[in-house]
Structures are given as C-alpha cells and as structure tokens.
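Report on the following structure.
The values are calculated or read from the model by the stated rules, or taken from the named source; none is laboratory data. Everything numeric here is computed off the predicted structure, so don't read it as measured data. Positions of Cβ are backbone-derived with ideal geometry, glycine not excepted, and every protein chain shown enters the neighbour counts. These area figures cover heavy atoms from the full protein model, side chains too; ligands, DNA and RNA do not enter into them. Shrake-Rupley method; radii C 1.70, N 1.55, O 1.52, S 1.80 Å.
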Amino acid sequence: MSKEKGFSTKAIRGQMDATHYREHSTPLFLTSSFTFPSAEQMRDTFAGEEEGIIYSRYNNPSVDEFIHKMCLLEGAAAGFATASGMSAVFSALMALVRSGDHILATRAVFGSTHQILTSLMPRWGVSHSYVEPDQPQSWDAAVQENTRILLLETPSNPGLALVDLEAAGKFAEKHQLLLMVDNCFATPYLQRPIDFGAHLVMHSATKWIDGQGRSLGGVILGNQSLMDEIIFFCRHTGPALSPFNAWLMSKSLETLTVRMDAHCRQALALAEWLQQQPGVAAVSYPFLPSHPQHELAKKQMRLGGGIVTCTLAGGMDAALALVNKLEVCSRSSNLGDTRTIVTHPTSTTHSKLTEAERLAVGITPGLLRISVGLENMEDIIGDFAQALE
C-alpha cells in the first residue's frame, strides 16, 4: 500500500485523468452542457442510476478537479464549489437549517456573515446568539434546545482572534451540534479543522486559494451525508462556480505551499517591524509572542498566516492618512493577493456593523488590516516607513 502523499504532492498531482490527447496540464472545460450517446444513458444519468456529468450548474470536469483537490487537502469526503466565499457560507447554512432553528456563532465573524445572521436568517425564522471566541468555557450557557449549528472562523477577520478548534470540536460533540468553520484565513495548509472535529469547512477561494486577485470563488467541504444536502440545495439554487475560475484556482493550489510559506514569513517580519514604530499603538499577528493566543496558534496552526493588523495611536485620522500615503501597497478591500493590500475595516468591510459591534470584536477606528504580499520585504517596510512619517 502506498503511503500518504505530502500536501504539495496532493495539490499538484490531484488532477483529473488525462484525456486521449495525453496532456500534462489539465485542460479547461468551458462548456455549459454535455451530450449523451443514447437517450437511455441520458435517462439513467438524470435518474442517478449512472454516474455522469449533466450540466455545469451541477458539475463540470474543471470544477470537479478543484473540489477533489480541496477535499484531499482538507481531509474531506465531498464538496461543492460556489461562485464566491459568501455564497459558500450562505448555502451551507441555508441547506441545513430549518425554520425555528438556532445558530450559535463566535462573535468575531466577517461582516457579511454577521449580516446573514442578523438581517437575513430571521426572515426564515432562524435565530442566533454570539459567544466569545476565546472563552469556550462560557459557551454552554448559550446553547438552546433548538441550537443546531456552531459557526466560527479562526483566525477571525480582521481581528485575528483564534478559536480553540479542539475545544470547539468537543463542545459540538457534547451538544450534538454541527460544527462549521470558515477556514479562509488559514487555508488547509496552515490548519485543518476537520482534524479537530469540524463537520464542514468553508473557504472564500477568492483569497489565498486563488492568491493573485484574479477570480471569485468559494468552496464547502465536509462529510458525505451533510454534503449531499448541501449539493442538492446548491444544484437547485444555482450558486455554481464557473469552470474558468475553478481551473484558475486548481492551478493556484499547485503553488499554495510555497506562497503561504512566503506570505507567513513576510507577515511575521512586518509585524515585528511595526511593533517597534512609535506611531503604532498595537500589532496583532498569531505567531507574535505578544498575541494573547500565541500558544494556541502554535498548537493548531503550521504558521501564522498572511494577515497582520496594526492600530495607530492617532486613531482613524492617522489610519486614513497612512493609507493615503502608501506608494507601493494597494488600497483595496480584498486580501490574499501577491500584492500587499491595506484595508481600513471601520470604514469599509465592517462599516455596516454598529460602533458597539465593531468594538466588541476589537475593530477600533485606528485599526488597519494588512494582507502581506510577496513584494521584496524592504519595499513593503519602506512603504510603511514613509507613510508613518
């Protein structure tokens, strides 16, 4: 029996079988539909009695390869790829909740996830409660008779709060909850929530999975029975990933290891440098010893990720002034790019939260989120140095 292959080998070699042309690199299947050799086979495929590809809203060879690779990397049995990260979050929730259900979520979730929980889910009679991400010992009190799901992201966007995945897995098992983890910031290379008991893992593949700011996409991964429900929901509601974007992302996975190693190395270097700057009041990065959950980060993550946050002593005015003075780094709301991106969450990605809601998850007016890219490190630091003057 051959031994388990390494992460990079799976990411590179987990591609579909070659066609009769014997191509080395997987081709792109830009087709909306597929033909059948006979009416009988078409009937049997639609009936589920024979395996086959019917329509690209259901599945497509390019999309299937991307899903297959992500399953290999996350240790999942099945998956579905969606048109964006938020369609992955929404579809996973909507496929599994029923009117009257209750969702337990850690407070530090992405702004759009917060909007789903607070503005959209109540329309279908689904309620939620927030718990503190770093206090799993307090979660029991928030469980209700109708609680069905525990939803979390770790590290969180943008505050880099961590959730103890081992504790979360045990908590979900104790209360018979479905544990859903947004693993976008870490990628499967840095952590695998399924190893800690997660039932479902979601990604905005737009970020580190694509890695070059080219395309939108999302993916949901998990055990077969749950994914069967999610696949049914997605096939009939239509949040399908385009074959072209799937092909791009499958190719990007081949370099995920080397890219994330470099992003993490550069993020740590920038975080260490920012800590020494007089205009910077605070710096957060999971692999900095000063991070309050540094030991937890080392326990459940391979490296600290590509995101650094810093809080400027001068508050919002100082933060916006720094952003405006940047010459190399980009001003954008995206992250996970080869290019360093600086975002002011209070006025952009988390602007729809109230001030109290932002402060509750550590988003202060002077906070900046930095997605550290792959430019020369001296150029990144030099840009921040001149912007801080």
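List of remarks:
- Residue selected from the range 57-104 under the condition assigned to a loop (DSSP other than H, G, I, E, B) and closer than 25 Å to residue 13 by Cβ, by the criterion least open to solvent (accessible area, probe 1.4 Å): 60
- Applying a threshold of 6 Å to beta carbon distances and a minimum spacing of six or more residues, or different chains, the list of pairs starting in the range 281-308 at a residue that is closer than 14 Å to residue 362 by Cβ and free of Cβ contacts under 8 Å to residues at least 40 places away in the same chain and ending at one that is polar (S, T, N, Q) and not in a strand (DSSP E or B) reads 283/275.
- The range 144-166: number of residues that are among the hydrophobic types (A, V, I, L, M, F, W, C) and part of a loop (DSSP other than H, G, I, E, B): 4
- Within the range 107-121, residues that are within 16 Å of residue 88 (Cβ to Cβ) and touching a residue at least 60 places away in the same chain (Cβ under 8 Å) sit with their Cβ atoms under 8 Å from residues that are open to solvent by less than 50 Å² (accessible area, probe 1.4 Å) and among the charged types (D, E, K, R), at 6+ positions apart or across chains, in these pairs: 109/153; 109/182; 110/153; 110/182; 113/153; 113/182.
- Residues in the range 331-389 that are among the basic types (Lys, Arg), open to solvent by 40 Å² or more (accessible area, probe 1.4 Å) and touching a residue at least 24 places away in the same chain (Cβ under 8 Å): 339, 352.
- Residue in the range 35-51 that is touching a Pro at 6+ places or on another chain (Cβ under 8 Å) and either modelled with pLDDT of 95 or more or open to solvent by less than 50 Å² (accessible area, probe 1.4 Å) (or both) present: no
- Restricting attention to the range 206-254, the residues that are of a type in the set (Lys, Arg) and over 19 Å from residue 306 (Cβ atoms) total 2.
- Where a residue in the range 55-75 is touching a residue at least 12 places away in the same chain (Cβ under 8 Å) and among the hydrophobic types (A, V, I, L, M, F, W, C) and its partner, wherever it lies, is assigned to a helix (DSSP H, G or I) and open to solvent by 10 Å² or more (accessible area, probe 1.4 Å), with Cβ under 7 Å and at least six apart: 63/243; 72/10; 73/7; 73/10
- In the range 221-259, the residue that is most open to solvent (accessible area, probe 1.4 Å) out of those that are small (Gly, Ala, Ser) and out of contact with any His (no Cβ under 6 Å at 6 or more places or on another chain) is 225.
- Criterion (out of contact with any helix residue (DSSP H, G or I) (no Cβ under 6 Å at 6 or more places or on another chain) and without any contact (Cβ under 8 Å) to a residue 12 or more places away in the chain) met by exactly one of 242, 225: 225
- Taking the criterion of being open to solvent by less than 10 Å² (accessible area, probe 1.4 Å), closer than 17 Å to residue 68 by Cα and not in a strand (DSSP E or B), the residues of the range 184-220 that qualify are 187, 188, 205, 209, 210, 217.
- Residue match in the range 134-142 (condition: in a strand (DSSP E or B), at pLDDT 95 or above and under 28 Å from residue 297 (Cα atoms)): no
- If you go through the range 1-24 and keep only what is in a loop (DSSP other than H, G, I, E, B) and touching a residue at least 12 places away in the same chain (Cβ under 8 Å), you end up with 14, 15, 16.
- Breaking point among (1) within 22 Å of residue 350 (Cβ to Cβ); (2) open to solvent by 10 Å² or more (accessible area, probe 1.4 Å); (3) out of contact with any His (no Cβ under 9 Å at 6 or more places or on another chain), for residue 122: (3)
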